[in-house]
């Protein structure tokens, strides 16, 4: 999943934090906002969810460029 997030060709900087923990816990934060929590979702993200998260990251990057 991390590889997919950082594969983007979009310029700009955002903070992405992936926090693995015990018992399969995984949280993904984008500029301090939680955008995915495996415990809340009940499962690890499938490819569709990973692509959705990638789009959210790309939108954040492009929003920063327009500011």
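Derivation of every value follows stated rules applied to the coordinates shown; laboratory data play no part. Treat the numbers as computed from the prediction; the structure is a model and nothing was measured. As a convention, Cβ positions derive from the backbone with ideal geometry for all residues, glycine included, and neighbour counts pool all protein chains shown.
Could you put 36, 44 in order, starting from the residue whose Cβ has the fewest other Cβ atoms within 10 Å? Working shown, then result.
Numbers: 36 20, 44 12.
Lowest to highest Cβ neighbour count: 44, 36.
On full extension of the chain, what length is gained from residue 33 through residue 49, given 0.36 nm per residue of separation minus the C-alpha to C-alpha distance?
4.1 nm
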